[in-house]
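What follows is one structure encoded as structure tokens, with my remarks underneath.
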Number of protein chains: 2
Amino acid sequence: MALNLSVSKGEATRDALVGRAHSIARLQGLEGFSINDLAASAGMSKSGVFAHFGSRQDLQLAVLDAAAERFTNEVLLVAFKAKRGLPRLRALQAGWIDWVRHEDGGCLMLASASEYDDKPGPIRDRVVQQLARLRVALTRTVQLCIDSGDFAADGDAAQIAFEFFGIVLCVHHDGRLFGHAAAAKRGRAACERLIADYRR
Amino acid sequence: MALNLSVSKGEATRDALVGRAHSIARLQGLEGFSINDLAASAGMSKSGVFAHFGSRQDLQLAVLDAAAERFTNEVLLVAFKAKRGLPRLRALQAGWIDWVRHEDGGCLMLASASEYDDKPGPIRDRVVQQLARLRVALTRTVQLCIDSGDFAADGDAAQIAFEFFGIVLCVHHDGRLFGHAAAAKRGRAACERLIADYRR
């Protein structure tokens, strides 16, 4: 019993460290983020932090996984509660634009895509894997719009998903540099045009 | 005369250093790029490099300016030779998608937008200024499509420019992570749909 509690406490500390690291990495970038800042923020020593992770890279991978899991819980799973077809695509659009705004420091997955695109290795591999999975989820959501008759039968789900993702990228880009409200408004208008185009 | 030659040589060395730094920063990022690597690549000492720049930040700003100037020369000015209206917008699209492919390590301006969005200071200010100017040039190009009658008179040039930029962002994103050829093809198809939508 004591042993189990101890394990749980270790896991809880590890999860808390990953959460703090995620917040810091959104501001400093995943590559440049400071383990010293993380240790200070957690009131621990640097070696105390490393006791929970085999290496800096293990911590970075754990942070990426935490970012993906949070996106899945806060955006994808929420949208998937909506009826398949257009209601679900619209829910995904709304949740995604909100996500871009609420993540202090921006979306770590998108920032890491830019940061690691030229750095071969396990972190880049994980980023590519996560963003490929995300695109599959988006493409399936679009395919259900076609299958349910909300979009025309000759629609190309992967092409529509590409265009949808481009809008999200521009909301993120413009929002971070020029202000979120105007970017979100443009993003919603762009999605409405996309939907109107592909309706049957 | 000797003095003039000497000044020219100093300027030539500085330009060459900025060019090398631009290549390195595209791979390593503007913040993390190594002055040691730059010095080694130029066969100079670190202090030799700093003799040409007041500070690391001066060098970073010079690299950003060089990136913007190259984009202007290789994409914008080439496109501006095309007839105003749709021919010019199409030329801009073609040149931009090529630019994204040919820049080893990707577009430094876009990478820096992601890297510096949370780091207030002169570098972020320069990135915002450059990308705002770029958007103005794109919006004007679209406005000329409206003014010339190629696009419908009620078109919103800033909205169309936002959507066009989103496509470019997604070509860059997908191209860097999943491969350029497929991303460029999707980007061209997305631009054609955008153009078809806004035609009068």
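The values are calculated or read from the model by the stated rules, or taken from the named source; none is laboratory data. These numbers were taken from a predicted model, which means no experiment stands behind them. Positions of Cβ are backbone-derived with ideal geometry, glycine not excepted, and every protein chain shown enters the neighbour counts. Note: accessible area is taken over every heavy atom of the protein model, side chains too, but ligands, DNA and RNA are not part of it. Shrake-Rupley method; radii C 1.70, N 1.55, O 1.52, S 1.80 Å.
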message: With a 1.4 Å probe and all protein chains left in place, how much of the accessible area of segment B:51-197 comes from carbon and sulfur atoms, in whole percent?
response: 53 percent
query: Any residues in segment A:157-171 that have 20 Å² or more less accessible area with all protein chains than in their chain alone, probe 1.4 Å, and which are they?
result: A:A158, A:Q159, A:F162, A:E163, A:G166, A:L169, A:C170
task: Compute the Cα gyration tensor for chain A, then decide on rounded, prolate or oblate, letting a ≥ b ≥ c be the square roots of its eigenvalues: rounded whenever a/c is under 1.5, prolate when a/b is larger than b/c in the other cases, and oblate in all that remain.
output: prolate
message: If each label sits 7 angstrom from Cα along the C-beta direction, how far apart, in nm, is A:D118 from its counterparts in the other copies?
response: 2.2
field: Across the identical copies, how the B:R56 labels are spaced - nm, sorted shortest first, 7 Å along Cα→Cβ
entry: 1.4
message: At a threshold of 8 angstrom on Cα-Cα distance, excluding pairs fewer than six apart, so keeping six or more, what relative contact order does segment A:87-200 reach in percent?
response: 28 percent
- line: Inter-copy distances for A:K83, label 7 Å out on the Cα-Cβ vector, sorted ascending, nm, one decimal, are 4.9
- request: Can you work out the accessible area per residue across segment A:23-72, with the rest of the protein chains kept in place, probe 1.4 Å, in square angstrom?
  value: 43 Å²
- line: Expected output for segment B:16-65, residues with a loss of 30 Å² or more in accessible area relative to the chain alone at probe 1.4 Å, reads B:L27
- prompt: Where the Cα atoms of segment B:52-108 are projected onto their three principal axes, how long is each span, largest first, in whole Å?
  reply: 44, 21, 12
- request: Could you state how much accessible area A:Y116 has, in square angstrom rounded to the nearest 10, with a 1.4 Å probe and all protein chains kept in place?
  value: 10 Å²
- request: Please work out the FRET efficiency for the pair A:S55 and A:R188, using the Cβ-Cβ distance as r and a Förster radius of 51 Å; give the result to the nearest 0.05.
  value: 0.75
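Any idea what the relative contact order of chain B is, in percent, if you count C-alpha pairs under 8 Å spaced at least 6 apart?
For chain B, the relative contact order is 19 percent.
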task: Just need the relative contact order of segment B:1-84 here, percent rounded to a whole number, with Cα pairs under 8 Å and 6+ apart.
output: 29 percent
statement: By the C-alpha gyration tensor axes a ≥ b ≥ c (rounded if a/c is under 1.5, else prolate when a/b exceeds b/c, else oblate), the shape of segment B:1-118 is oblate
- line: Interface call, segment B:98-145: threshold 40 Å², probe 1.4 Å, accessible heavy-atom surface of protein chains, chain by itself vs complex, result B:S114, B:D117, B:D118, B:V128, B:R135
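State, in square angstrom and to the nearest 100, the accessible area buried between chains B and A, both chains counted, probe radius 1.4 Å.
Details: alone 10760 and 10780 Å², together 18110 Å².
Buried: approximately 3400 Å² between A and B.
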message: Suppose all protein chains stay in the model; what accessible area per residue would a 1.4 Å probe give for segment A:104-200, in Å²?
response: 39 Å²
message: I'd like to verify something in chain A: which complete DSSP H helices, judged by Cα projection on the helix axis, reach 30 Å or more and average at least -0.5 on the Kyte-Doolittle scale?
response: A:2-28, A:122-147, A:157-178
- line: Row for the protein assembly as shown, column shape: gyration tensor on C-alpha, a ≥ b ≥ c, rounded if a/c < 1.5 i.e. under 1.5, prolate if a/b over b/c, else oblate; value oblate
